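Engineer: Here it is: the structure, laid out below.
The values are calculated or read from the model by the stated rules, or taken from the named source; none is laboratory data. Fair warning: this is a prediction, and the values are worked out from it, not measured in the lab. Glycine also receives a Cβ, built like all others from the backbone with ideal geometry; neighbour counts cover every protein chain displayed. Ligands, DNA and RNA are excluded from the accessible area calculation, which covers all protein heavy atoms including side chains. Shrake-Rupley method; radii C 1.70, N 1.55, O 1.52, S 1.80 Å.
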Amino acid sequence: MTSSRLVPAGVARNWPGMTWAALGMAAAIAIAAPVRGHAADAFPSKPIVMVVPFAAGGPTDVVARSVAAAMSKSLGQSVVVENRLGAGGTVSASYVAKAAPDGYTILIHHNGMATAPALYSKLSYKPLTDFAFVGQVADVPMTLLGRHDLPPNSLPELVTYIQKNQSKVNLANAGLGAVSQLCGMLFQKAIGVDLQAIPYQGTAPAMTALLGGQVDVLCDQTTQTLPHIKADKVKLYGVTTVDRIQALPNAPTLREGGLKGFEVKVWHGVYAPKGTPPAVIDKLNGALRAALKDPAVAARLQELGAVIVPEDKQTPEGLRTWLAAEIDKWSPIIKAAGVKAD
Ligand code: MLT
């Protein structure tokens, strides 16, 4: 056999000046190309890991587990939730940004993707350029809560109480960079106080501390707080959305309670590492959209006050443009507030 027989048809003819080493490499690329295409066709051929940046049992985890279970059904492979805690979600985001771009490691994250660039001076990833976008998931209102025996019974009373007892009142959050921290920061700014912050590695442990009376105030998502509000285990001072929410129709908004212009709404997106093949992203996006149509997912999310986003936001482009707009929205607010996480 002569060496020329090893060269795929067309390679030597098109590149007469090539060395044998270069021809060998060209041949390897020509042979590998259909394999890559085949790998995307066969995707997924093993379980997919969905990384959650906060503690199990918390709001992000609850949304992730509902969606992951439904995605598993349409992908024919398990989507396994893995909680990687720390630094307000940046540990997880950094991990997924550096993972193999093959679709087997994906991230679900919230507004923290947009707030991290302003909160962290040393961020090891760029939210807009180090990820491939799969789609948005659901929006979740937040609630401002106090421990059950905190004296004030309404938002105006809470504001007066905090302003008088500033050095004694503390505010829990799910870590620097968590939405609970963002909400707490905006609340303090709105009423002109600076409270002691008690960070946890997710809302689940922060909520346990509030229920146990170890912390005074917490602002967090209905996907975690609703059952405790309904069971009358905490005091509810208001919702953070512009309008009242269906899940708590009698709860006033913080705006109604006197905090002009106050609004925080949590949104969630699914990401893959940059360079994930478009065919793989298509499959992940198809599975995400199918999950969001699944009646069990819709019922579970609705029960917890979450609202599935419209179909145009469930797309890669819907998530990318939304993230870009959110970075533009939050960066000046965080900078003006002078808050840093590192
Ligand atoms: C947050 O405050 O950012 C989230 O509620 C964190 C979590 O999902 O635990």
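To keep it simple, each residue is scored yes or no on (1) closer than 30 Å to Gln314 by Cβ; (2) under 18 Å from the mean Cα position of the chain (by Cα).
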residue: Pro152; (1), (2): no, no
residue: Thr160; (1), (2): no, no
residue: Gln166; (1), (2): no, no
residue: Gly177; (1), (2): yes, yes
residue: Leu186; (1), (2): yes, no
residue: Thr225; (1), (2): yes, yes
residue: Ile229; (1), (2): yes, no
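Engineer: Of the residues that make up region 143-157, is at least one closer than 18 Å to Val62 by Cβ, within 16 Å of the ligand (Cβ to nearest atom) and modelled with pLDDT of 95 or more?
Structural biologist: In the first step, residues of region 143-157 are kept if they are closer than 18 Å to Val62 by Cβ; the result is 143, 145.
Filter again for within 16 Å of the ligand (Cβ to nearest atom), leaving 143, 145.
Those still in the list that are modelled with pLDDT of 95 or more too: 143, 145.
Yes, there is a match, as at least one residue in region 143-157 is closer than 18 Å to Val62 by Cβ, within 16 Å of the ligand (Cβ to nearest atom) and modelled with pLDDT of 95 or more.
Engineer: Output the residues belonging to region 160-183 that are within 19 Å of Gly258 (Cα to Cα), at pLDDT 95 or above and crowded, with 23+ Cβ neighbours inside 10 Å.
Structural biologist: Residue satisfying the conditions is Ile162 alone.
Engineer: Moving on to the next point. Is it true that Pro332 is more than 18 Å from the chain's Cα centre (by Cα) and open to solvent by 20 Å² or more (accessible area, probe 1.4 Å)?
Structural biologist: yes
Engineer: Mind listing whichever residues of region 84-116 are touching a residue at least 60 places away in the same chain (Cβ under 8 Å), farther than 15 Å from Gln181 by Cα and open to solvent by 10 Å² or more (accessible area, probe 1.4 Å)?
Structural biologist: If the condition is that a residue be touching a residue at least 60 places away in the same chain (Cβ under 8 Å), farther than 15 Å from Gln181 by Cα and open to solvent by 10 Å² or more (accessible area, probe 1.4 Å), then Leu85, Ala97, Lys98, Ala99, Ala100, Pro101, Asp102, Tyr104, Thr105 are the ones that fit.
Engineer: If you scan region 204-240, which residues turn out to be within 24 Å of Arg65 (Cα to Cα), of a type outside the set (A, V, I, L, M) and open to solvent by 10 Å² or more (accessible area, probe 1.4 Å)?
Structural biologist: Pro205, Thr208, Gln224, Pro227, His228, Lys230
Engineer: Hey, among the residues in region 130-150 that are farther than 30 Å from Glu317 by Cα and of a type in the set (D, E, K, R), which one's surrounded by the most Cβ atoms within 10 Å (Cβ to Cβ)?
Structural biologist: Arg147
Engineer: Shifting gears a bit: Would you check if Val67 is within 12 Å of the ligand (Cβ to nearest atom), open to solvent by less than 50 Å² (accessible area, probe 1.4 Å) and under 15 Å from the mean Cα position of the chain (by Cα)?
Structural biologist: Criteria not met by Val67.
Engineer: Within region 275-316, how many residues are charged (D, E, K, R) and surrounded by 16 or more Cβ atoms within 10 Å (Cβ to Cβ)?
Structural biologist: Residues flagged as charged (D, E, K, R) and surrounded by 16 or more Cβ atoms within 10 Å (Cβ to Cβ) within region 275-316 amount to 5.
Engineer: Can you confirm whether Ala114 is over 27 Å from Pro44 (Cα atoms) and either touching a helix residue (DSSP H, G or I) at 6+ places or on another chain (Cβ under 8 Å) or away from the ligand (no atom under 16 Å from the Cβ) (or both)?
Structural biologist: yes
Engineer: For residues that are of a type in the set (Val, Ile, Thr) and within 16 Å of the ligand (Cβ to nearest atom), scanning just region 254-286, find the one that is farthest from the chain's Cα centre (by Cα).
Structural biologist: If we take residues in region 254-286 being of a type in the set (Val, Ile, Thr) and within 16 Å of the ligand (Cβ to nearest atom), then Val264 is farthest from the chain's Cα centre (by Cα).
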